[in-house]
Amino acid sequence: MNIHQISTEPALLSLTAIAQAIAAKRVSSREVTQSCLDRIAQWQPRLNAFMAIEAEQALASADAADAALAKGKVGGALHGVPLAHKDMYYDAGKVVTCGSKIRRDFVATTTSTALQRLKDAGTIRLGSLQMSEFAYGPTGHNSHYGPVHNPWAIDHVTGGSSSGSGSAVAARLTFAALGSDTGGSIRMPAHFCGVTGLKTTVGRISRAGAMPLSQSLDTVGPLARSAEDCALLMALMAGADPEDPTAVTGPVPDYNAAVQRSMKGLTIGVPTAFYVDDLDAEVARILDETIAVFKREGAHIVQVELPDQRQFTAACQLVLAVEAAAFHKRWMIERPQDYGPQVLMRLQNGLAVPGVSYLEAMRWRGPALAAYLAAVAGVDAVIAPVAPVAAPTIAESDVGNSPDAEAVIQRLTRFTRPVNYLGLPSLAIPTGFTASGLPVGMQLIGRSFDEATLLRIGAAFQRATDFHDRIPELA
Amino acid sequence: MTRPTPKEIKAIADVAGVPVSAEVATRIANSIGPAFEGFAPVAGTLPFDLEPATFLLAQGAKTPKKAAK
């Protein structure tokens with residue numbers, strides 16, 4: 001970071017760097033917020049990443065943050081930092097559409113715990129970010145508000161369901177964004193858009209005030225420009241919450257310390273099957289190159305034989321289908337015409353799963369996780385592609401509710417669903433680019449509640465590479 | 001566990017209070033069918049006293065430190 005960068009375009013700095021710069025009064029919150037708003041004005045017509053842009057309110061909040069700082073009142077670790085989040089986090093008094101027509105005018109009366117903790121740290125609101133309808137879609141299409149576009153190639157998908165989060169972070173319109181991951185919805189946009197995204201362990205971050213999709217699988221997590229930035233956000237958000245009894249009460253690790261460490265002495269597992277099968281040639285190349293960097297940075301690489309991941313995927317699908325249908329049953333009866341065709345189709349899938357089958361899938365979750373953890377004993381993290389391909393085009397993945405839609409969805413989410421079923425943490429990091437310039441990410445899959453090790457590996461990888469620092473250019 | 005037929009799905013959906021047409025039932029059968037097939041090796045094999053809460057125990061279990069291959 002240098003003064004020239006700050007004075008020209010503060011929005012290009014990392015979350016960590018800009019928070020430090022504001023706190024040190026090297027740049028004002030207004031200058032930073034205006035920089036983000038300028039980029040939003042340039043990019044939004046191309047990307048459709050924002051659901052709502054609240055420029056005047058953001059600048060007023062920035063002025064208030066600057067005034068407070070001038071009086072020596074620092075709100076927290078992210079004082080005066082402007083952010084925008086996936087439009088499913090309740091923010092009292094604000095419309096929260098959940099990417100849907102049904103909630104187009106829904107005004108939240110509470111604020112989600114994750115968002116409140118970021119506010120308590122001093123962040124200010126830029127607006128809200130687009131998403132797949134009710135977070136139920138892996139590509140970034142939205143039949144009500146249009147698709148979100150990938151800043152690296154406008155005619156390609158962003159991945160979903162945190163489509164706006166991936167697109168906006170990649171284009172440097174926000175320093176970071178909350179996403180959610182139930183079947184891959186943080187990792188897919190991170191992979192397709194070239195940003196860092198952390199799918200957290202089930203129970204690591206409170207889900208209070210976050211739109212539900214599947215109570216057993218839903219997780220809250222950040223998308224940001226680096227593992228270091230994700231660590232900063234995790235340190236603020238993780239931990240027990242009286243509003244969410246599923247949030248674990250144990251101690252929260254020091255994520256900010258973890259990202260300062262090298263990966264020397266760590267063991268990273270490479271699956272012998274499934275995650276390395278049927279990969280696009282460029283994804284396979286980048287996986288090999290990523291492993292080579294890990295070796296160079298001092299990690300020990302071993303092969304791991306994992307339990308049959310296809311069964312985890314199937315179990316995940318059964319659980320997700322039933323729980324999503326149960327949440328939506330009332331609207332499926334009263335307002336079926338107000339869903340997008342693909343989302344309604346997928347919700348209807350849940351009607352076909354008998355209660356006994358659903359409970360079998362839930363009962364098997366414990367032994368399945370135990371079997372997985374036994375298979376990776378002695379391994380700190382498993383490396384795997386997020387998806388077998390880079391971002392497809394918006395047109396070729398626009399399958400709507402056609403007969404093969406679910407097959408397309410299953411193919412894209414093949415490598416993400418097992419992690420959701422097992423409730424494990426997984427960090428997606430940018431690891432390379434295809435010859436045509438599309439980003440490719442890999443996921444580091446960790447043990448339950450061991451996000452710190454994943455962030456440590458991710459940060460060490462990012463000190464050795466520059467994929468996360470590359471910025472798409474406005475065509 | 002076998003995948004449900006469109007006729008069965010139509011009946012289940014009716015019971016659930018969200019009736020679907022025969023065409024939609026056929027589409028659902030094709031869509032969710034692979035999940036049933038994928039889970040078939042597990043279905044019907046679980047021990048009698050296995051509770052869903054064992055997931056929380058597995059989450060909190062200490063991982064043995066044996067060497068990986």
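When all alpha carbon pairs of segment A:370-475 are counted in 10 Å bins from zero, the resulting P(r) reads 13, 36, 32, 17, 2 %. Helix-derived [θ] at 222 nm for chain A: sum -39500 (n - 2.57) over DSSP H runs of at least 4, divide by residue count, nearest 500? After summing the helix terms and dividing by the residues of chain A, the value is -12000 deg cm²/dmol.
Near A:H149: Cβ cut-off under 9 Å, other residues only, Lys/Arg at +1 and Asp/Glu at -1. The net charge is 0.
A DSSP coil position with no more than 15 other Cβ atoms inside 10 Å describes the following GluC sites (Glu not before Pro) in segment A:267-314: A:E305.
Return A:T267, A:T246 ranked ascending by Cβ neighbour count within 10 Å, so the fewest neighbours appear first.
Listed from fewest to most nearby Cβ atoms, that is A:T246, A:T267.
Largest first, the three principal axis extents of the alpha carbons in segment A:246-358 are 58, 40, 30 Å in whole numbers.
Among residues other than A:T174 with Cβ under 12 Å from its Cβ, the summed charge is +4 (Lys and Arg +1, Asp and Glu -1). Taking a straight line from the alpha carbon of A:K86, these aspartates and glutamates sit under 15 Å away, with near neighbours fewer than eight places off in the same chain left out: A:E54, A:E133, A:D181, A:D218.
What you get for chain A, charging only the Cβ of Lys and Arg (+1) and of Asp and Glu (-1), is a dipole of about 700 debye around the Cα centre.
Using only alpha carbon positions, build the gyration tensor of segment A:28-163, then give the equivalent ellipsoid semi-axes as the square roots of 5 times its eigenvalues, largest first, whole angstrom.
27, 18, 11
Set the bar at 27 Å for Cα to Cα. Now go through A:K199/B:K10; A:K25/A:K119; A:K101/A:K329; A:K264/B:K62; A:K119/B:K62; A:K199/B:K62 and name every pair that lies beyond it. Checking Cα-Cα distances, A:K199/B:K10; A:K119/B:K62 exceed 27 Å. Ordering A:C98, A:C193 by the number of other Cβ atoms within 10 Å of each residue's own Cβ, fewest first, gives A:C98, A:C193.
Within the shell defined by Cβ-Cβ distances under 14 Å, the residues around A:Q20 carry a net charge of 0, with Lys and Arg each +1 and Asp and Glu each -1. Dividing the convex hull volume of the alpha carbon atoms of the protein assembly as shown by its residue count gives 137 Å³ per residue.
For segment A:15-86, the average shadow cast by the Cα convex hull is 4.9 nm², which is a quarter of the hull's surface.
Placing unit charges on each Cβ (+1 for Lys and Arg, -1 for Asp and Glu) gives the protein assembly as shown a dipole about its Cα centre, and among A:L444, A:L455, A:G127 the Cα reaching farthest toward its positive end belongs to A:L455.
Only the coordinates and a few stated rules stand behind these numbers; no lab work does. What you see is a predicted model, and the numbers here were worked out from it, not measured in a lab. As a convention, Cβ positions derive from the backbone with ideal geometry for all residues, glycine included, and neighbour counts pool all protein chains shown.
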